[in-house]
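Below you'll find the structure, written out as structure tokens, and then a few comments.
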Amino acid sequence: DALPISPTPVQAKSIPVALTGADLVATAQTCTGKTIAFLIPMMEKIMGAANGAKPSGPVAIQSLILAPTRELALQIAAVFESLANNTGLRCAVVVGGLSEQTQLNALRRGAHVVIATPGRLEDFLTRKLVQLGAVSTVVLDEADRMLDMGFIPDIEKILARLPKAR
């Protein structure tokens, strides 16, 4: 028998709000399920836009997740991949310290979600290697840490390049 799965408090409070499309700020301790709390509504929105069909064909980036470190971005991508199994949803990781060519190839193949560190994403934007004109959802994961690390200028430049309605 499978055990019933219950959402954590941050998931129970934030997922219903996020599903409405409202802006949301959530704070909770590490390992309380914040990543799933923002990924589930994000993925639901993308899949809803596809009217229940598996997304296929050319893909525009619809969601952007900014994280302060490469390690956190890779962790988020791993959770995304496990949740996206058999959905047709794809993500691309855009971070410093890893192969730029591998990241560009992932973007060219098409990604519904980009998970990035601000510095590398700003570099790709400056070089016109990524287009964010279809982004409708933005997540600033560990926003306080990104601000402490001095990413404010990069984040402001990135946000200025996104559609106003998001």
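The values are calculated or read from the model by the stated rules, or taken from the named source; none is laboratory data. What you see is a predicted model, and the numbers here were worked out from it, not measured in a lab. Here the Cβ is made from the backbone with ideal geometry for all residues, glycine too, and neighbour counts use every protein chain on show. These accessible areas exclude ligands, DNA and RNA; they are computed on the full protein's heavy atoms, side chains included. Shrake-Rupley method; radii C 1.70, N 1.55, O 1.52, S 1.80 Å.
What the table shows:
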| read-out | value |
| --- | --- |
| Criterion (under 23 Å from ALA26 (Cα atoms), open to solvent by 30 Å² or more (accessible area, probe 1.4 Å) and touching a helix residue (DSSP H, G or I) at 6+ places or on another chain (Cβ under 9 Å)) met by exactly one of ARG70, ARG161, ARG120 | ARG70 |
| Cβ pairs under 8 Å, 6+ apart, first in segment 88-112 and surrounded by 15 or more Cβ atoms within 10 Å (Cβ to Cβ), second polar (S, T, N, Q) and not in a loop (DSSP other than H, G, I, E, B) | ALA92/GLN103; VAL93/GLN103; VAL94/GLN103; VAL95/GLN103; HIS112/SER63 |
| Cβ-Cβ under 9 Å pairs, at least 6 apart or on other chains, segment 121-150 side in contact (Cβ under 8 Å) with a residue 12 or more places away in the chain, far side assigned to a loop (DSSP other than H, G, I, E, B) and of a type in the set (Ser, Thr, Tyr) | GLU142/THR69; ARG145/THR69; MET146/THR117; MET149/THR69 |
